[in-house]
Amino acid sequence: MARIDAEDIVCSIADALQYVSYTHPPDFVQALARAHERESRPAARDAMLQLLVNSKLSRAARRPVCQDTGVVHVYFSLGMEARICTTAAGPTPSLQSLANAAVARAYRCATNPLRASMVRDPLGLRTNTRDNTPAIVHVETVEGDTLDIIVAAKGGGGDVKARYAMLEPSDSVAEWVLAQLPGMGAGWCPPGVLGLGVGGSPEQAMHLAKRALFAPIDIEALQARGASDAVEALRLDLYARVNALGIGAQGLGGDTTVLDVKIATAPSHAALLPVALVPNCAATRYTRFTLTGDGPARMTEPDPAIWAAIPDSLPREGGTPVNLDTLDRAGVARWRAGDRLRLSGTFYTGRDAAHKRMADMLARGEPLPVDLRNRAIYYVGPVDPVAGEAVGPAGPTTSTRMDRFLPQLLEETGLLLTIGKAERGPEAVAAIKRARSAYLMAVGGAAYLVSKAVRTARVVAFEDLGMEAIYEFEVRDMPVTVAVDALGRCAHDLRIVEAAR
């Protein structure tokens, strides 16, 4: 009987969370690099280059690839012959409590602090737990005397796009998946991987879909040898047809929307066909290891050659320079959807909670704590900085969550620009057009690269909101794309703009 020390479990999970925060799985980097090489659309190609450069820089600096450092999922497969023990007084702690202790340790690491995103009391005050606990824990008992663990940090941008349906047994799963993609928009930061769960019960289908994501990318090998069963045939069919939609990287149109399609199935009731869809974004973060009682796991360092061909920075010639401190509506009016810009100057940040507060203050006739006239708001909740940084990784969050607040801010404050991730919904596009404003898109999943453009950062309002406080950033050469111009023209696929809500 293997005796596995509880502290080894905590140490291993904490080390894994630090490791995955800055290390993309090698198969993901290689698949993304191949997609970049064959991409025919300049905007999508540029977005993928940013993701690749970000991956390289994050790995070298050991800082998170994305500011959304994820909700922690831990999958335990505990051998029936294994025993968890502890030298501490009292009863042996549960696997849930061990996972929570590991999360708190990893996310409060002084040399690489990770952003805490978990909130308690979801229907009440939604207070941040400050250490990203609790973990989402799944436990299964299996034969043997080892403890196999999968550790994943799953960002909110992918989970918010999850889909579920109870189909008729004769319905086409492929047609259902294809119907979901435009409505999912680009907030899940494609290109990534789609996880599909088919069968079981409703909750089991969703679990299957998510867990299917944590497997190596192998679609090209499958294409080479051909399908041997219905699951593999569906993978190949969906991979080809989803990419043929042309949604592309970051929703900008392109040849690659998905790098792979993963499918897991389970037996189900004869009258039922539960189907769940969960995407994994460009901030793919997971690893797996086995504990045998011989001490904590050691993370395997990937071959540096995986990143060798990726440049250390973006080309200096890409994009038109823009001084945010002297910009006016006449200058904004000259931009066209799809134009690439390099922003320098100052802007404010703000996410959901800050926008809600500002909206409430405006409704009460109170002055805002910052003057937004002719200014820009960047939708971001950054990671805390470490020594030498103005701010930690600071990539954009999904902009459609702020759509409900945009008309009021544009009309009542003189706000000039917004900067975020993915498409805007129809109402927001209409408001931008009325105000002769513009919406700029930064690449989701390239958070460390964006943070390198930030020269100074300070909290200027709502400090109690933590990462959702309003900051003032001073940036230099921050790369963005004009996603909605002053005439209301969109760089994103109009199908996903119309479907956004």
#### Entry: Where Val261 falls short, out of the listed (1) surrounded by 15 or more Cβ atoms within 10 Å (Cβ to Cβ); (2) touching a Leu at 6+ places or on another chain (Cβ under 9 Å); (3) farther than 30 Å from Arg163 by Cβ; (4) β-branched (Val, Ile, Thr)
(3)
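Quick grid of which residues meet (1) loosely packed, with under 13 Cβ neighbours inside 10 Å; (2) touching a helix residue (DSSP H, G or I) at 6+ places or on another chain (Cβ under 9 Å); (3) aromatic (Phe, Trp, Tyr):
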site: Ala309; (1), (2), (3): yes, yes, no
site: Ser313; (1), (2), (3): yes, yes, no
site: Glu317; (1), (2), (3): yes, no, no
site: Asp339; (1), (2), (3): no, no, no
site: Ala353; (1), (2), (3): no, yes, no
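Please pick out the residue among Val65, Val53 that is under 28 Å from Gly388 (Cβ atoms), over 15 Å from the mean Cα position of the chain (by Cα) and either at pLDDT 95 or above or not in a strand (DSSP E or B) (or both).
Numbers: Val65 fails: over 15 Å from the mean Cα position of the chain (by Cα).
Just one listed residue meets the conditions, Val53.
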#### Entry: Number of the condition not met by His269 [criteria: (1) part of a loop (DSSP other than H, G, I, E, B); (2) within 21 Å of the chain's Cα centre (by Cα)]
(2)
### Task
Among the candidates Ala110, Ala88, Ala82, single out the residue that is buried (at least 19 other Cβ atoms within 10 Å of the Cβ) and among the aliphatic types (A, V, I, L, M).
Ala82
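Residue-wise test of (1) without any contact (Cβ under 8 Å) to a residue 12 or more places away in the chain; (2) over 24 Å from Leu368 (Cα atoms); (3) buried (at least 17 other Cβ atoms within 10 Å of the Cβ).
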| position | (1), (2), (3) |
| --- | --- |
| Leu417 | no, no, yes |
| Gly420 | no, no, yes |
| Ala438 | no, no, yes |
| Met441 | no, yes, yes |
| Lys452 | no, yes, yes |
| Arg458 | no, no, no |
| Asp464 | yes, no, no |
| Arg476 | no, yes, no |
### Query
Going by the conditions given, is Thr284 free of Cβ contacts under 8 Å to residues at least 60 places away in the same chain and at negative phi?
no
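Of all the residues that make up region 149-176, how many are assigned to a loop (DSSP other than H, G, I, E, B) and more than 22 Å from the chain's Cα centre (by Cα)?
The first filter runs over region 149-176 and keeps only residues assigned to a loop (DSSP other than H, G, I, E, B), leaving 155, 160-162, 168-172.
If we keep only those that are more than 22 Å from the chain's Cα centre (by Cα) too, we end up with 168-172.
Number satisfying all stated conditions: 5.
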### Message
Could you list, ordered by first residue, the pairs with Cβ atoms under 8 Å in which the first is in region 138-149 and loosely packed, with under 13 Cβ neighbours inside 10 Å and the second is hydrophobic (A, V, I, L, M, F, W, C), at least 6 apart or interchain?
### Response
Glu140/Phe76; Glu140/Leu78; Thr141/Leu78; Thr141/Met80; Glu143/Met80
#### Entry: Given (1) more than 27 Å from Pro216 (Cβ to Cβ); (2) touching a helix residue (DSSP H, G or I) at 6+ places or on another chain (Cβ under 6 Å); (3) of a type in the set (A, V, I, L, M), index of the condition Ala153 fails
(1)
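Suppose we filter Gly488, Gly445 for residues that are in contact with a helix residue (DSSP H, G or I) (Cβ under 8 Å, 6 or more places away or on another chain) and modelled with pLDDT of 95 or more; which single one remains?
Values: Gly445 fails: modelled with pLDDT of 95 or more.
Being in contact with a helix residue (DSSP H, G or I) (Cβ under 8 Å, 6 or more places away or on another chain) and modelled with pLDDT of 95 or more holds for just one of Gly488, Gly445, which is Gly488.
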### Task
Could you figure out which of (1) of a type in the set (Gly, Ala, Ser); (2) in the same structural domain as Val137 (by TED's automatic domain parsing); (3) closer than 25 Å to Ile306 by Cβ isn't true of Ala35?
(2)
### Task
Have a look at Ala354, Ala359 and point out the one that is touching a strand residue (DSSP E or B) at 6+ places or on another chain (Cβ under 6 Å), under 24 Å from Glu463 (Cα atoms), among the hydrophobic types (A, V, I, L, M, F, W, C) and modelled with pLDDT of 95 or more.
Ala354
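Glu389: of a type in the set (Asp, Glu), within 25 Å of the chain's Cα centre (by Cα) and surrounded by fewer than 24 Cβ atoms within 10 Å (Cβ to Cβ), yes or no?
On the way: of a type in the set (Asp, Glu): yes; within 25 Å of the chain's Cα centre (by Cα): yes; surrounded by fewer than 24 Cβ atoms within 10 Å (Cβ to Cβ): yes.
Answer is yes for this residue.
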### Message
Where the second residue is at pLDDT 95 or above and charged (D, E, K, R) and the first is farther than 13 Å from Val151 by Cβ and assigned to a loop (DSSP other than H, G, I, E, B) and lies in region 99-111, which pairs have Cβ atoms under 8 Å and are six or more apart or on separate chains?
### Response
Arg108/Asp131; Thr111/Arg62
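The values are calculated or read from the model by the stated rules, or taken from the named source; none is laboratory data. Keep in mind it's a predicted model, so treat the numbers as computed, not measured. No Cβ is skipped: glycine too gets one built from the backbone with ideal geometry, and neighbour counts run over all protein chains shown.
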